[in-house]
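Worksheet for the structure shown next.
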Ligand code: G4P
């Protein structure tokens, strides 16, 4: 889904999140595993406050595994559990459910100690557009949504999904906005498809993406497009890819737009290899994780 962000819209989305937060014990923050920094919301911590939080590194199938493990360690060092998940195939979902239940335990235990009946942990999903919120809700609910009866104080429209006996998920994810101000962040969001293609200049973004891939993942790029020798700059690379893929206009000129679309589609579907665009705080840790 494409969303346009402007102050009124953002404030409304934020207000909704704040309202729903009151209903849950744990927040599930979805990040794109390829860009754990760029896909974060700048004011999430302030909105969520002290509420316990579990991080999902979603689209883990598209992310560099060793680098992702370092990110998991970095979050752990801050006392936060981060779970790599592929919301489409369901990988990591079992581990995620365990992590959420664990995270909610202090709260649910306390309720029982204070004389309340034991109840399931309540949680909600938060994340920027396109990060996979709906996919994860579908996965967690196993396709068939078991609706929980309406609760007093909860408007009729709010539905809960029962997951096993220990968990209930609000069937309405909270949508937050990414950081747009910082150029690097905006590029990462564009590369991965978090920002709709019609709101930025695709031609220059693809050239920058190719430059990044040429530097960080040259062998995947060469293998995919059967390129040989030194990889030159983004523009020459795009032309070479266009030639290899037969993106030609009448007269033999390269059809650059077609080549750009090929690169974007290949990158986003993982055909150019698994990547990590936001380096974890300490690169040296990657070596330990391998
Ligand atoms: P949202 O609710 O947060 O906005 O995201 P949504 O679940 O709609 O997912 C956005 C796109 O990301 C979908 O692609 C979805 O299939 C894909 N996706 C979600 N989770 C994963 C994952 O773990 N791995 C991979 N590889 N893809 C994932 P789509 O339906 O093709 O949408 P689009 O390409 O038309 O934007």
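Read-outs throughout are calculated quantities, based only on the coordinates presented, and are distinct from any laboratory measurement. Because the structure is predicted, anything quoted here is derived from the model rather than measured. We place every Cβ from the backbone using ideal geometry, glycine too, and count neighbours over all the protein chains shown.
Separation of the range 117-143 and the range 221-256 by C-alpha centroid, Å? Each part reduced to its Cα centre gives a spacing of 42 Å. Can you compute the FRET efficiency between residue 196 and residue 107 using 1/(1 + (r/R0)^6), with r the Cβ-Cβ distance and R0 = 41 Å? Round to the nearest 0.05. That pair, residue 196 with residue 107, gives E of 0.60. The range 178-205 and the range 34-55 have their alpha-carbon centroids 20 Å apart. For the range 16-175, the relative contact order is 25 percent, taking Cα pairs closer than 8 Å that sit 6 or more residues apart in sequence and dividing their mean separation by the residue count. Largest first, the extents of the alpha carbon coordinates of the range 100-141 on the three principal axes equal 41, 18, 13 Å. For the chain, the fraction of alpha-carbon pairs lying more than 30 Å apart is 38 percent, rounded to a whole number. Going from the fewest other Cβ atoms within 10 Å to the most, the residues 168, 236, 256 appear in the order 236, 256, 168. Of 110, 222, the sequence from fewest to most neighbouring Cβ atoms within 10 angstrom is 110, 222. Using the Cβ-Cβ distance between residue 18 and residue 230 with R0 set to 51 Å, the FRET efficiency from 1/(1 + (r/R0)^6) comes to roughly 0.45. Put in order of Cβ neighbour count within 10 Å, fewest first, the listed residues 131, 199 become 199, 131. Can you tell me which of 87, 186, 239 moves the most in a GNM of the chain? Springs connect C-alpha atoms under 10 Å apart. Of the options given, 239 has the highest mean-square fluctuation. Across the chain, the relative contact order, built from alpha-carbon pairs under 8 Å that are at least six residues apart, equals 22 percent.
Relative to the longest principal axis of the Cα atoms of the chain, the long axis of helix 256-268 makes an angle of roughly 40 degrees.
Summarising the label geometry, the points placed 7 Å from Cα in the beta-carbon direction at residue 114 and residue 249 lie 6.8 nm from one another. Projected over all directions and averaged, the alpha-carbon convex hull of the range 31-71 occupies 3.1 nm². If you run the Gaussian network model on the chain, springs between alpha carbon atoms under 10 Å, then out of 142, 174, 115 the most flexible one is 115. Taking the longest Cα principal axis of the chain as reference, the axis of helix 202-216 is set at about 90 degrees. Taking the longest Cα principal axis of the chain as reference, the axis of helix 93-113 is set at about 30 degrees.
When the chain is treated as a Gaussian network with alpha carbon springs shorter than 10 Å, the biggest mean-square fluctuation among 60, 240, 118 belongs to 118.
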